[in-house]
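Written below as structure tokens is the structure these notes are about.
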Amino acid sequence: MRTPLIAGNWKMNLTRADSVALAKALAEGVGSATHYEAAVFPPALYVDAVREVLQGSKVKWGTQNLYPEAPGAFTGEICAPMLVDLGCTYVILGHSERRTLMGETDAQVNKKTLAALAAGITPIVCVGELLAERQANQTADVIRKQFEGSLAGLTEAQIKQCVIAYEPVWAIGTGLTASPQQAEEVHADLRKLLAERYNQPLSQEVRILYGGSVKPSNAAELMSQPNVDGALVGGASLKAADFLGIAAGVKS
């Protein structure tokens with residue numbers, strides 16, 4: 001049985017004080033829940049402050065990116081050992097904003113994924129198509145290419161340690177949301193890709209999240225789909241009530 005994951009990507013938002021206050025509210029709101037897992041991803045500058053609040057709670061934490069090299073002369077970057085030092089459980093990799101705005105490639109995402117796994121950190125690897133690609137009926141091809149490139153060379157043991165997030169780029173921060181049927185179709189395709197590369201039993205173990213304008217009002221229906229194992233939440237993760245409202249959509 002796959003445990004749903006509700007992950008809050010705070011992106012480049014909030015102050016230190018706001019981050020601490022939000023973390024406290026989430027730790028209290030999640031309480032002792034065991035039927036889902038919660039994790040937050042504050043800006044890297046605030047991870048340590050958030051960690052102090054969340055230690056001992058059910059809410060885990062991570063970063064929104066990492067640099068795949070060992071510590072060294074890489075100005076402005078953060079590496080996997082630093083994440084380990086901060087107690088990070090997860091890292092988000094290949095988010096569409098990094099792919100489209102920073103030009104991040106599948107090969108770079110793959111290198112980061114392998115670095116995270118080597119450090120014992122669970123990567124949440126994002127894939128998703130542009131609006132033009134969906135309109136051209138290219139969604140399946142785009143998802144396959146990103147899956148094959150971003151997760152190239154992973155062993156069965158390694159892929160089991162990963163989380164995949166489907167984020168249609170056209171639904172991120174736009175207010176548009178993939179219908180539950182659209183989300184399920186892509187999630188099912190991703191599970192088929194896992195079965196093709198590895199095997200059917202393994203394909204049922206990997207969690208696949210949906211991301212893209214997830215809100216309390218649509219979360220339950222999205223997560224009721226058989227292959228949707230939780231949500232990677234952007235804007236709605238910046239308010240405790242919204243994040244907890246989305247988590248409330250997980251069947252107990």
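What follows is calculated from the coordinates using simple rules that are stated; it is not laboratory data. This structure is a prediction, so every number in the text was calculated from the model and none was measured. Neighbour counts are summed over all protein chains in view; Cβ atoms, including those assigned to glycine, are modelled from backbone coordinates with ideal geometry.
Brief remarks follow.
- Put simply, the amide H of Leu5, placed in the peptide plane, has neighbours under 5 Å in Glu37, Gly230, Ala231, leaving out anything fewer than 5 places away on its chain.
- Selection from Gly94, Pro43, Leu5, by position along the positive dipole direction of the range 1-141 (Cβ): Leu5
- Rounded to whole Hz, the Karplus (6.51, -1.76, 1.60) HN-Hα couplings of the range 111-122, x for glycine and proline: 5, 5, 4, 5, 5, 5, 4, 4, 8, x, 9, 7
- For the chain, calculated [θ]222 nm from helices alone, where every DSSP H run of n ≥ 4 adds -39500 (n - 2.57): -12000 deg cm²/dmol
- Förster radius 22 Å - calculated FRET efficiency between Asp85 and Ala118, Cβ distance, rounded to 0.05: 0.90
- Correct choice for log10 I(q)/I(0) by the Debye sum over Cα atoms at q = 0.09, 0.11 Å⁻¹ that was computed from the model, options (i) -0.44, -0.64; (ii) -0.51, -0.70; (iii) -0.35, -0.53: (iii)
- Cys79 long-range amide H proximity, modeled H, under 5 Å: Tyr67
- For the chain, modelled as a GNM whose springs connect Cα atoms under 10 angstrom apart, the maximal fluctuation among Asn218, Asn137, Asn65 occurs at Asn137.
- Mean separation of Cα contacts under 8 Å (6+ apart) over length of the range 5-247, as relative contact order %: 19
- Charged-residue dipole, Cβ positions (Lys, Arg, Asp, Glu), the range 104-151 about Cα centre, Debye nearest 20: 120
- Phi angles of the range 199-207 translate, via the Karplus equation with coefficients 6.51, -1.76, 1.60 and θ = phi - 60°, into HN-Hα couplings of 6, 5, x, 5, 4, 8, 9, 7, 7 Hz per residue; Gly and Pro are given as x.
- Distance between modelled label sites at Glu221 and Arg144, nm, 7 Å Cα→Cβ extension: 3.1
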